[in-house]
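K.L.:
Quick one: this structure, given as structure tokens, is what I'll be asking you about.
The values are calculated or read from the model by the stated rules, or taken from the named source; none is laboratory data. Given the structure is predicted, the values throughout are model-derived calculations rather than measurements. In this analysis, Cβ positions are derived from the backbone assuming ideal geometry, glycine residues included, and neighbour counts consider all displayed protein chains.
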Amino acid sequence: MASSSSMVKQEESTFETRLFAFQRKFAPYLFIAPFFILFFIFGFFPLLFSMYLSFQSWNPIQGLGAMEFVGFENYLWVFTDPDFYKSLYNTLWIGVVSSTAQHIVAIPLAFILVLRLKQLRHLFTAAYFVPFITSTVAIAIVFNTFFGTQYGVLNQGILAFSNSAPIEFLRASSWGSWLVAWVPEEPIRWLGRAKNIKPALAILVFWKYFGWNTVLYSAGLATIPKEYYDAAEIDGANALQRFRHISLPLLRPVIFFAISLSIIGSMQLFDEPFILAGSNPMGGINNAGMTVAMYLYREGFNYNQMGSAAATSWILFFVIGIMTAIQFAINGREGLDSRG
Amino acid sequence: MKRLIAVLAIGFLSITLSSAWAQTLTVSTFCSLCNSTRPLAEAYMEANPGVEIIVNELEYGDHHNNLVTALATGEGAPDVAAVEIGFISKFVADGGFEDLSQAPYNAGQYEELFADYAWAQGSTPDGRIITLPVDIAPGAMFYRHDRFEEVGVSVDDAIGSWDDLIAFGKEVTRDLDGDGNNDVFLIADAADVFEGMIRMGLEEGQGKYFDNEGNVLVNTERFHEAFRVAKEIRDAGLDAQIGAWSNEWYQAFKDGAVAVQFSGAWLEGSLRDWMAPDTAGLWGASNLPGGAYASWGGSFFGIPVAADDANKELAWDFIKFMVLNEESQLSAFDTIEAFPSLKSLKTDARMEEPSAFLNGQQARLLYADIIDNIAGTTTHPGDVIAAEIVGGALSQVLNEDRNIADALIDAERQITRQARRLR
């Protein structure tokens, strides 16, 4: 009797210890399971599925059963489609123009914010950051008015400048007319002319994202020890020299990071041109504002070619990969090492 | 415990009983067609106790995109789906909708009841019937009486030919308040003239962009002429350059800033109900210029293959109620000026009712006459794509002074390329 009860007790304790050991071993997995379950459903599965889809011909209206294996036909279609190259060119154009401007403005701006404005810095940073967190749809609608031909604020400003006394005076004089030849005399049709659509989009993208870069650079600058600046000041370096010889070199890792984000972001540009330049025709007149992501959307949802849309997304993935690799080769190794 | 079982049993029974009594049908529709679908669903429920109809209403674009998603995944497809003419070619491809020519639907027997062109639009060239037409949208020219009277031109003179319309346009387009900008224009968008002209003179077996054999018809005299006239209107500054379905567009109708607008009969209903209700009595309707007869819009109902099989019989019955029932069609006619697709209604007394919005004009007789003259046009799976490509070419010609011949050759090449991958 005694022995049997102790046996039961022993069994119980081994069961308990086993349970304890079991939960010690597996509880962590259980805790991180929600992420992995969600990731597999919404991240990993779509990734695999789009890869699979890029080798299929599929018109979604016909249902899932209508898929047909076509090998590399979708990739071939995209690579032989002049519109794809046009969209790639548009994307690169908008990306290069708006990103270059963003970084050229954001770095000195961050320098002034961090080293000159001190306390006010946070207020200004927050103000510059507002466009980044505002809904793209709202922004695009506001910019639609901003770019208006007859009553748009931008054209009103340009025309006021164009009709101002000094410009009028120069325009009237024989020697000054060439000086002001670039000043438009007519309202500019920002979204109604193919040649103006990309600049208009670049202005919007610049405005929306330079605040984000300013925040990145401010954070980067704030980590640079103040002693360096003090030492340079004692050595007689002026503000420009301190910026050029202390801030810029020490900021290189941040610059590398920010440029990488700009490359990825601008290659995936979609919402802004989709709403501002419109989707009929895609990207406005002559598809002048059609980015690769919009081309992809048109293939999938306007033309019902999910296969070539998936292929486009993978081509875009590799283009981004190559561009980031090039940027790493030029900027990265050195930039990331400069701190060491 | 016993009580729990009893409660559960009653609950279970009531669920099974109610599902046996009430059958639920989901109908997806877009607005403004929804304004006629809703009352019809209510009328049907009243006549058929035990049937519950849930009408899902969405905005035009969202409705059709949702429908594509539902068909793609086979999940969440409605039992009855509305399709607008602009999207019908998307669904012409195999598989999306039930072929209503087959049993148990056998819709082929009803063909004689409908206007020929509307029947053709809802079917495929190889004889499948994918939808039944509910609103057949005869194309007319809506115009402002006052704008014609001001310049002393009669409507009949202005619609003799497209060039006559331009001549009228040059008189009516002018600056009223002397600020140097024109306040009245012939038309909102030169592209509308193009839309009217490519609908003209279609022969049997031809659609707007493709013929029955799938040949691309874009690089033809019809398109060259339409591009030429649209360009002439744009270059002469006769259009307000306002796109359809924008706030500026509605404002232009309210202000009388455009003298004419081509559209389906449904525009009368939209102007009257929400676009410009205050302009009642100022409008009139006429034939399209140049002796053109065309359809402009149109709505259809079909049954998605992916819908619940158990509901398909009821879904078909509801479609027949909306489409084949004269009273239903007349109710849609009254609510949104959706022109009935049943031929038999053309002799109905209510066709002679004058329209208060159109200054007492018996416009319905005009619409009925237009319908008699519209030739059957065929639907091709590539219509949506072709429309987008040609629209792009037109915008280049209008805005960028691109050569018409080059633009059309280019458009033809692009459409041919896209059509190759349509199965």
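K.L.:
I'm trying to understand the selection: among the residues of the stretch A:226-265, which are farther than 22 Å from A:TYR209 by Cβ and of a type in the set (S, T, N, Q)?
P.N.:
A:ASN238, A:GLN241 - these are the residues of the stretch A:226-265 that are farther than 22 Å from A:TYR209 by Cβ and of a type in the set (S, T, N, Q).
K.L.:
Still on this structure: Do you know which residues across the stretch A:280-289 are outside any helix (DSSP H, G or I) and either away from chain B (no Cβ under 14 Å) or crowded, with 22+ Cβ neighbours inside 10 Å (or both)?
P.N.:
Passing the criteria: A:PRO281, A:MET282, A:GLY283, A:GLY284, A:ALA288, A:GLY289.
K.L.:
For the stretch B:65-80, check the following and say yes or no: at least one residue is surrounded by 21 or more Cβ atoms within 10 Å (Cβ to Cβ), touching a residue at least 60 places away in the same chain (Cβ under 8 Å), part of a strand (DSSP E or B) and not aromatic (Phe, Trp, Tyr).
P.N.:
yes
Listed here are the residues, each with its yes/no results for (1) in a helix (DSSP H, G or I); (2) farther than 19 Å from B:GLY298 by Cα; (3) of a type in the set (Ser, Thr, Tyr).
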| site | (1), (2), (3) |
| --- | --- |
| B:LEU100 | no, no, no |
| B:PRO104 | no, yes, no |
| B:GLY108 | yes, yes, no |
| B:GLU111 | yes, no, no |
| B:ALA118 | yes, no, no |
| B:ASP126 | no, yes, no |
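K.L.:
Something else about it: Can you tell me which of B:GLY86, B:GLY74 is of a type in the set (Gly, Ala, Ser) and either at the interface with another protein chain (Cβ under 10 Å from one of its Cβ atoms) or on the phi > 0 side of the Ramachandran plot (or both)?
P.N.:
Just one listed residue meets the conditions, B:GLY74.
K.L.:
If you check B:GLU171 against the conditions, is it within 14 Å of another protein chain (Cβ to nearest Cβ) and either on the phi < 0 side of the Ramachandran plot or in a helix (DSSP H, G or I) (or both)?
P.N.:
Answer is no for this residue.
K.L.:
Does A:GLU299 qualify as being of a type in the set (Asp, Glu) and either part of a loop (DSSP other than H, G, I, E, B) or within 14 Å of another protein chain (Cβ to nearest Cβ) (or both)?
P.N.:
Yes: the conditions hold for A:GLU299.
K.L.:
Could you check the stretch B:77-108 and list, in sequence order, the residues that are farther than 24 Å from B:GLN206 by Cα and of a type in the set (S, T, N, Q)?
P.N.:
Residues satisfying the conditions are B:GLN102, B:ASN106.
K.L.:
For the stretch B:158-166, does any single residue satisfy the condition of being under 20 Å from B:ALA244 (Cβ atoms), among the hydroxyl-bearing types (Ser, Thr, Tyr) and modelled with pLDDT of 90 or more?
P.N.:
The answer is no, given that none of the residues of the stretch B:158-166 is under 20 Å from B:ALA244 (Cβ atoms), among the hydroxyl-bearing types (Ser, Thr, Tyr) and modelled with pLDDT of 90 or more.
K.L.:
Taking into account only those residues within the stretch B:378-419 that are within 9 Å of chain A (Cβ to nearest Cβ) and of a type in the set (Lys, Arg), which is nearest to B:ASN212 (Cα to Cα)?
P.N.:
Checked the stretch B:378-419; the qualifying residue nearest to B:ASN212 (Cα to Cα) is B:ARG417.
K.L.:
Could you list, in sequence order, all residues of the stretch A:24-62 that are loosely packed, with under 11 Cβ neighbours inside 10 Å, of a type outside the set (A, V, I, L, M) and under 27 Å from the mean Cα position of the chain (by Cα)?
P.N.:
Across the stretch A:24-62, the qualifying residues are A:PHE35, A:PHE42.
K.L.:
Looking at the structure I just gave you, is B:ASP410 of a type in the set (Asp, Glu) and buried (at least 22 other Cβ atoms within 10 Å of the Cβ)?
P.N.:
no
K.L.:
Got at least one residue in the stretch B:303-318 being charged (D, E, K, R) and more than 26 Å from B:ALA77 (Cβ to Cβ)?
P.N.:
Scanning the stretch B:303-318, I find no residue that is charged (D, E, K, R) and more than 26 Å from B:ALA77 (Cβ to Cβ), so the answer is no.
K.L.:
Then there's this: Any chance you could count how many residues in the stretch A:143-169 are away from chain B (no Cβ under 14 Å), under 16 Å from A:LEU191 (Cα atoms) and in contact with a Phe, Trp or Tyr (Cβ under 7 Å, 6 or more places away or on another chain)?
P.N.:
Number of matching residues: 3.
K.L.:
Kindly indicate which of B:ALA338, B:ALA375 is among the hydrophobic types (A, V, I, L, M, F, W, C), surrounded by fewer than 22 Cβ atoms within 10 Å (Cβ to Cβ), away from chain A (no Cβ under 14 Å) and assigned to a loop (DSSP other than H, G, I, E, B).
P.N.:
Among B:ALA338, B:ALA375, only B:ALA375 is among the hydrophobic types (A, V, I, L, M, F, W, C), surrounded by fewer than 22 Cβ atoms within 10 Å (Cβ to Cβ), away from chain A (no Cβ under 14 Å) and assigned to a loop (DSSP other than H, G, I, E, B).
K.L.:
Filter the stretch B:91-111 for residues that are over 25 Å from B:ARG38 (Cα atoms) and in contact (Cβ under 8 Å) with a residue 40 or more places away in the chain; which is farthest from the other protein chains (Cβ to nearest Cβ)?
P.N.:
Checked the stretch B:91-111; the qualifying residue farthest from the other protein chains (Cβ to nearest Cβ) is B:PRO104.
K.L.:
Further question: Has the stretch B:209-226 got any residue that is at pLDDT below 90, within 22 Å of B:ILE336 (Cβ to Cβ) and not hydroxyl-bearing (Ser, Thr, Tyr)?
P.N.:
no
K.L.:
Test B:ASN56 against the criterion of being within 14 Å of another protein chain (Cβ to nearest Cβ), free of Cβ contacts under 8 Å to residues at least 40 places away in the same chain, under 18 Å from B:PHE301 (Cα atoms) and not β-branched (Val, Ile, Thr), and give yes or no.
P.N.:
no
K.L.:
Quickly run through the stretch A:302-311 and pick out the residues that are assigned to a helix (DSSP H, G or I) and surrounded by fewer than 21 Cβ atoms within 10 Å (Cβ to Cβ).
P.N.:
A:ASN302
K.L.:
In the stretch B:46-63, how many residues are part of a strand (DSSP E or B) and either of a type in the set (A, V, I, L, M, F, W, C) or more than 19 Å from B:ALA82 (Cα to Cα) (or both)?
P.N.:
The number of residues fulfilling the criteria is 5.
Quick grid of which residues meet (1) out of contact with any strand residue (DSSP E or B) (no Cβ under 9 Å at 6 or more places or on another chain); (2) within 14 Å of another protein chain (Cβ to nearest Cβ):
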residue: A:PRO28; (1), (2): yes, no
residue: A:PHE36; (1), (2): yes, no
residue: A:GLN56; (1), (2): no, yes
residue: A:GLN62; (1), (2): yes, yes
residue: A:VAL70; (1), (2): no, yes
residue: A:PHE79; (1), (2): yes, yes
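K.L.:
When the stretch B:136-161 is examined, which residues are found to be over 30 Å from B:ILE88 (Cα atoms), of a type in the set (Gly, Ala, Ser) and part of a loop (DSSP other than H, G, I, E, B)?
P.N.:
B:GLY152, B:SER154, B:GLY160, B:SER161
K.L.:
Then there's this: Given (1) touching a residue at least 60 places away in the same chain (Cβ under 8 Å); (2) surrounded by fewer than 17 Cβ atoms within 10 Å (Cβ to Cβ); (3) not in a helix (DSSP H, G or I), identify the lone condition not met by B:ALA259.
P.N.:
Unmet for B:ALA259, out of (1) touching a residue at least 60 places away in the same chain (Cβ under 8 Å); (2) surrounded by fewer than 17 Cβ atoms within 10 Å (Cβ to Cβ); (3) not in a helix (DSSP H, G or I): (2).
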